[in-house]
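Colleague: Quick one: the structure is below, and I'll ask about it shortly.
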């Protein structure tokens, strides 16, 4: 039997006719506080795989579903507090790629560079989606548009250097331009998170 809990309390939702997990989420939205959003969704204590979001609900008929809700602002702050650490991981990925470029390990370096660029792109998308949940005045405190533009321009330059197989130049660009810019972005996010989260406490 499917057991659904919302904020730790067993729900008596009528799920007749609910076909998929995404349909269940829409149903849950109709019964929670209108000022709240769904902040966590677990099945048997784990997060869903991408393909499970559109899977038939009957696939989980013997599962426990735990749903948490909360105010958008608190949810955003808790997530944005992790942004400096994510940027730090991006920094490490680029630095590792740079060292391989400088050591002449081109195949490994290119693979690491691609992973680092994709991670950074996903971070920008995730970050942008989160801050859209904030009021406009608070959103400004977390705005990193200028940093995104600078990093994007640097990455475009690196792509050009790849076309010409300027491996030494790529290593130099990562070390002298990209890494310092990521470092500045990390510091910006740390300051903003500390200030705004402190106000919300």
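The values are calculated or read from the model by the stated rules, or taken from the named source; none is laboratory data. Note that the structure is a prediction, hence the values are computed from the model and not measured. Glycine gets a Cβ as well: all are built from the backbone with ideal geometry, and neighbour counts include every protein chain shown.
Colleague: Which condition does residue 21 not pass, out of (1) farther than 30 Å from residue 173 by Cα; (2) over 26 Å from the mean Cα position of the chain (by Cα), if it passes all the others?
Modeller: (2)
Colleague: Hey, another quick one. Somewhere in segment 84-93, is a residue at positive phi and either loosely packed, with under 15 Cβ neighbours inside 10 Å or outside the structural domain of residue 194 (by TED's automatic domain parsing) (or both)?
Modeller: No, segment 84-93 contains no residue that is at positive phi and either loosely packed, with under 15 Cβ neighbours inside 10 Å or outside the structural domain of residue 194 (by TED's automatic domain parsing) (or both).
Colleague: Also: Inspect segment 96-107 for any residue being assigned to a helix (DSSP H, G or I), within 30 Å of residue 194 (Cα to Cα) and either in the same structural domain as residue 193 (by TED's automatic domain parsing) or within 24 Å of the chain's Cα centre (by Cα) (or both) and give the result as yes or no.
Modeller: yes
Colleague: In segment 12-21, is there at least one residue being farther than 30 Å from residue 187 by Cα, at pLDDT 90 or above, surrounded by 15 or more Cβ atoms within 10 Å (Cβ to Cβ) and out of contact with any strand residue (DSSP E or B) (no Cβ under 9 Å at 6 or more places or on another chain)?
Modeller: Yes, that holds for at least one residue.
Colleague: Could you count how many residues in segment 14-61 are free of Cβ contacts under 8 Å to residues at least 60 places away in the same chain and outside any helix (DSSP H, G or I)?
Modeller: Pass one, segment 14-61, residues free of Cβ contacts under 8 Å to residues at least 60 places away in the same chain: 14-36, 38-60.
Those left that are additionally outside any helix (DSSP H, G or I): 14-20, 30-36, 38-49, 55-56.
Going through segment 14-61 one residue at a time, the tally reaches 28.
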